[in-house]
Amino acid sequence: MKAKLIIVLGTLLFVGAAFADNHGLSWNELSADQQAVLGHFSDTWDSLPANRQQRLATGAARWSAMTPEQRQQAEARFGEWRGLPAERRELIRERAEIFGDLSPEEKRRIRENYGRYRQMDKQRRQALKDRYRRMTPEQRQRLRDHLRERPPKRPRDRK
Amino acid sequence: MASPERHAVLLACGLCLCAAAAIAGEELPPDAEFLEYLGMWEETDEDWLLLDEITLVENMERSDPVPEGEESTETENES
């Protein structure tokens, strides 16, 4: 009896979680701008997986808010992204997952560091890269693990 | 005008009209792959550039850029 109860409760929890994760966006929830950009999806929108809907809706909102210059820059970055080897893109996606679990303070600190890095002249950036390359594989791995091992500091509430 | 010639002229006119409409018309919406790419990042699609360099950027907090000519001695005591 106890075992049955556990199975039933477990199933309910699993189904509940699945429903919670699969909550999609209805076409009517999209803004007019998003609908305009995603017009050719209007008939098939409801059949798209929820995570694809989310990416498309976010992408459409970002595209709508961009200036022509920003659009050109984003298209150039997209070209660069597509040109990366598949393994490198996968690694970046994994890092995005880890980064998403960091606390807002940690994200802010890393973004600030990156801002400083971007503002450095080529020579200084190269000096940093060279120094990083001089690390032993063990040291580099430890640095990567340093990020990976951080425990999430907030609930998973990402998009 | 013979029928095949007439068809050719009509086709040419149609193509010209389509091209003119495309040039004069609004910008076509981006394709789905590009939109998904734009939407997959937390803040902006520039995020992937940060993530690509994140181990390096993370390292910056412990040791700011090496002044020119100076050799690095960092990371030996990392834990």
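Coordinate-derived values only; no laboratory data. Owing to the predicted nature of the structure, the values given are computational and were not obtained by experimental measurement. Glycine gets a Cβ as well: all are built from the backbone with ideal geometry, and neighbour counts include every protein chain shown.
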Item to check | Pairwise FRET efficiency - A:ASP43 versus A:LEU91, Cβ, R0 = 30 Å, nearest 0.05 | outcome: 0.25
Next on the checklist: Could you tell me the calculated FRET efficiency between A:GLN139 and A:ASN51, based on Cβ-Cβ distance and R0 = 35 angstrom, to the nearest 0.05?
Outcome noted: 0.45
Item to check | At 0.692 mPa s and 37 °C, Stokes diffusion of the range A:53-113 via Kirkwood alpha-carbon radius, µm² per second | outcome: 239
Next on the checklist: Using a Förster radius of 41 Å, what is the FRET efficiency between A:ALA36 and A:ARG125 based on their Cβ-Cβ separation? Nearest 0.05, please.
Outcome noted: 0.55
Checklist entry - Roughly how many nanometres apart are two label points built 7 Å out from the Cα toward the Cβ at A:THR67 and A:LYS107? => result 2.5
Next on the checklist: Please report the net charge: other residues with Cβ closer than 12 Å to the Cβ of A:TRP45, K and R +1, D and E -1.
Outcome noted: -2
